[in-house]
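Read the structure below first, then the notes.
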Amino acid sequence: MKVIVIGAGVGGTSAALALQKLGHEVVVYDRMRENRPVGAALSLWSNGVKVLNWLGLGPQVAALGGRMDDMAYYDGHTGDEMCRFSLAPVTEQTGQRPYPVARADLQQLMMDAVGSDNIHLGKQLTGVYEADGIVTATFADGSTDFAELLIGADGARSLVRDYVTEPTGIRPERSYSGYVNYNGLVAADERIGPLDQWTTYVGDGKRCAVMPVAGDRFYFFVDVPGPSGVVEDRMAALEHAFGSWGAPGVRALLDGIDPDESLNRVEIWDIDPFDTWVRGRVAILGDAAHNTAPDIGQGACSALEDSFALGIVFATSTLGVEDSLKRYERIRTERAGDLVLRARKRAHETHAFDVAATQAWYDGLRREDGTGVIRGIVGNIEGSPVELGASVMR
């Protein structure tokens, strides 16, 4: 059948690849005019990497990924080590090494795999409707396209989500998570942290963290609690938030940031979990279905899980498009919603929205041998449809 995918991000391109594997004709539309994704990089934990392996991109993704052998927390004010441990148990327990990757590099890889002839940029969706088994998509330039299936991977402000949820009378709304994330890429620098380590400095409900990515670079992500809607100079905001910290690694990071080259400011919002992802021959996935805070690093992985589930139901179910989409919805809504709530809870704990809880977390880090953190990381991976499938095959 012919499939329209709205959105050429990680969710949209992975869905396109999953359906192409089954022989379907897939056309992807995105409003962006060039590959300039929001956010510098992302965490691909084992569940996300396994989906990319299944899509045939395993070696390429491994080449893009940074080698992240260890994890460590440091006191942002003093630079003192709070804990440090190996991440090898994540690989051993899940069967796949995780990778931090530059978002633009991953997105370009996936767009190339889908095929440039199948992707149309600069196309702003304006409407969706279905009649007689055909879905019509209309665009701001006056063009239209038709297909037997439409997938909305059009992000947190999804127009396709509005169409899907319209009959319920409930329109899911985004809510502010209470903090701003600054992120970008800098040259890898051992003054910030070891080149093979996920390094995090914490204090006052704020954090400065780096992960290694390919190309001798660090992906940095910095959280600052505060109000939304503030217009500010990004570098000045970072200096205000962290300039008084005494950790040498934080100072080295701030000095290494080129605000004209790579410094994004992203207000963190999420959406309460909801379970209406399908309307007839139209379905949503990725941030359109489960916009989540990045506090457990599962946003992109959850979108990849969506695409895996979508591919599996269309490969194995034979009762029609609508039936397959309902099976996809049943597989995904509970799991994806649970990750949204876990990330929200984590954000509350780490950003001093409850000062006592955050202090207890800091105190716990000073006693941490890795067991608790690894348990949390693996716990987020367990329950993935990819992991469930592997357990059945075992």
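Taking 0.36 nm per intervening residue step and subtracting the Cα-Cα distance, what contour gain separates Gln60 from Asp141 on full extension?
Working: separation 81, 0.36 × 81 = 29.16 nm, distance 3.54 nm.
Working it through step by step, the gained length comes to 25.6 nm.
Compute the FRET efficiency between Leu121 and Ser175 as 1/(1 + (r/R0)^6), taking r as their Cβ-Cβ distance and R0 = 41 Å, and round to the nearest 0.05. Let's see the in-between values first.
Numbers: r = 30 Å, r/R0 = 0.74.
Approximately 0.85, to the nearest 0.05.
For an R0 of 45 angstrom, estimate the FRET efficiency from the Cβ-Cβ distance between Glu382 and Asp112 and round to the nearest 0.05.
Values: r = 32 Å, r/R0 = 0.71.
That pair, Glu382 with Asp112, gives E of 0.90.
Could you state the accessible area per residue of segment 29-170 in Å², with a 1.4 Å probe and every protein chain left in place?
On the way: 6200 Å² over 142 residues.
Ligands and nucleic acids excluded, the result is 44 Å² per residue.
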Among Lys50/Lys123; Lys50/Lys206; Lys2/Lys326; Lys123/Lys206; Lys2/Lys123, which pairs are too far apart, with a Cα-Cα distance over 28 Å?
Lys50/Lys123; Lys50/Lys206; Lys123/Lys206
Rounded to the nearest percent, how much of the accessible area of segment 247-362 (1.4 Å probe, protein heavy atoms only) is carbon and sulfur?
51 percent
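Report, in order of residue number, the helices in the chain meeting two criteria: a C-alpha extent of 20 Å or more along the helix axis, and a mean Kyte-Doolittle hydropathy of at least 0.5; treat each whole DSSP H run as one helix.
Details: long enough: 299-316 (26 Å, 1.19); 321-350 (42 Å, -1.26).
Membrane-span-like by this criterion, though nothing is claimed about a membrane: 299-316.
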Which distance in Å, rounded to a whole number, links the C-alpha centroids of segment 63-91 and segment 317-376?
20 Å
Top positive-direction residue, dipole computed over the chain with Cβ charges, set Val114, Gly9, Phe218
Val114
Calculate, for Arg157 and Arg330, the FRET efficiency according to 1/(1 + (r/R0)^6) with r their C-beta to C-beta distance and R0 30 Å; round to the nearest 0.05.
0.70
Calculate, in nm to one decimal, what Glu267 and Glu81 gain on full extension: separation in residues at 0.36 nm each, minus their alpha carbon distance.
64.1 nm
Report the label-to-label distance for Asp338 and Thr91 in nanometres (one decimal), using points 7 Å from each Cα along the Cα→Cβ vector.
2.7 nm
If amide hydrogens are placed 1.01 Å from N in the peptide plane, which non-local residues have theirs closer than 5 Å to the one on Thr126?
Thr138, Phe139, Ala140
May I ask for the distance between the Cα centers of segment 113-192 and segment 212-264, given as a whole number of Å?
29 Å
What does the charge dipole of segment 76-216 about its Cα centre add up to, to the nearest 20 debye, if the Cβ of each Lys and Arg holds +1 and the Cβ of each Asp and Glu holds -1?
500 debye
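Suppose every Lys and Arg Cβ carries +1 and every Asp and Glu Cβ carries -1, with no other charges. What dipole size does the chain come out with about its Cα centre, to the nearest 20 debye? It would help to have the intermediate numbers written out before the result.
On the way: 37 positive and 54 negative charges, 130 e Å.
The calculation lands at about 620 debye.
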Listed residues Lys21, Lys345 arranged by accessible area, highest first, probe 1.4 Å:
Lys345, Lys21
I need the shape label for segment 236-394. Rule: rounded when a/c is under 1.5, else prolate if a/b > b/c, else oblate, with a, b, c from the alpha carbon gyration tensor.
prolate
Whole-Hz ³J(HN,Hα) for each residue in segment 284-293, computed from phi via Karplus 6.51 cos²θ - 1.76 cosθ + 1.60 with θ = phi - 60°, x for glycine and proline: what do you get?
10, 8, x, 4, 4, 9, 8, 4, 9, 5
Could you tell me which of Gly246, Phe308, Tyr201 has its Cα farthest along the dipole of the chain towards the positive end, charges placed at Cβ (Lys, Arg +1; Asp, Glu -1), taken about the Cα centre?
Phe308
Choice from Ala247, Ala188, Ala236 with maximal GNM fluctuation in the chain (Cα, 10 Å cutoff)
Ala236
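Could you order Arg251, Arg67 by accessible surface area, starting with the largest, using a probe radius of 1.4 Å? Present the calculation step by step, with values, prior to reporting the outcome.
Details: Arg251 85, Arg67 145 Å².
The ordering from most to least exposed comes out as Arg67, Arg251.
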What accessible surface, in Å², does a 1.4 Å probe find on Val278, ignoring ligands, DNA and RNA and rounding to the nearest 10?
10 Å²
With a ≥ b ≥ c from the Cα gyration tensor eigenvalues, square-rooted, and the rule rounded for a/c under 1.5, otherwise prolate when a/b > b/c and oblate otherwise, segment 196-272 is rounded
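Determine the dipole magnitude for segment 1-99: charges of +1 sit on the beta-carbon of Lys and Arg, -1 on that of Asp and Glu, nothing else is charged, the reference point is the Cα centre, and the result goes in debye to the nearest 20. List each step's numbers first, then the result.
Details: 9 positive and 9 negative charges, 120 e Å.
Around 580 debye, computed over segment 1-99.
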Considering only Tyr99, Asn53, Tyr74, whose Cα is most displaced toward the positive end of the charge dipole of segment 46-120, charges sitting on Cβ of Lys, Arg (+1) and Asp, Glu (-1)?
Asn53
Karplus ³J(HN,Hα) for segment 80-95 (6.51 cos²θ - 1.76 cosθ + 1.60, θ = phi - 60°; Hz, whole; x = Gly/Pro) runs 5, 6, 8, 6, 7, 7, 7, 8, 4, x, 4, 5, 5, 7, 9, x
Could you compute how much accessible surface His348 exposes when probed at 1.4 Å, giving the result in Å² to the nearest 10?
90 Å²
Probe radius 1.4 Å, ligands and nucleic acids ignored: give me the carbon and sulfur share of the accessible area of segment 1-90 as a rounded percent.
46 percent
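As a test of reading the structure, rank Thr168, Thr316, Thr333 by solvent-accessible area (1.4 Å probe, protein chains only), most first.
Details: Thr168 65, Thr316 100, Thr333 25 Å².
Descending accessible area places them as Thr316, Thr168, Thr333.
Give the shape of the chain as rounded, prolate or oblate, defined through the alpha-carbon gyration tensor: a ≥ b ≥ c are the square roots of its eigenvalues, a/c under 1.5 means rounded, and otherwise the shape is prolate if a/b is larger than b/c and oblate if not. Mind showing how you got there, number by number?
Numbers: a/c = 1.81, a/b = 1.63, b/c = 1.11.
Note, shape of the chain comes out prolate.
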Give me the number: length gained by fully extending Glu166 to Ala357, i.e. 0.36 nm times residue separation minus the C-alpha to C-alpha distance, one decimal in nm.
64.9 nm
Please calculate the 1.4 Å probe accessible area of Trp45, with all protein chains present, and give it to the nearest 10 Å².
10 Å²
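Return the calculated 222 nm mean residue ellipticity for the chain, to the nearest 500 deg cm²/dmol, obtained by summing -39500 (n - 2.57) across DSSP H runs with n ≥ 4 and dividing by the residue count. Could the numbers behind the result be given before it?
Values: 14 runs with 155 residues, N = 394.
For the chain, the value works out to -12000 deg cm²/dmol.
The values are calculated or read from the model by the stated rules, or taken from the named source; none is laboratory data. Keep in mind that what you see is a predicted model, and the values were worked out from it rather than measured. Every residue, glycine as well, gets a Cβ built from its backbone with ideal geometry; the counts of neighbours run over all protein chains shown. Each accessible area value is taken on the protein alone, full model and side chains, heavy atoms only, with ligands, DNA and RNA left out. Shrake-Rupley method; radii C 1.70, N 1.55, O 1.52, S 1.80 Å.
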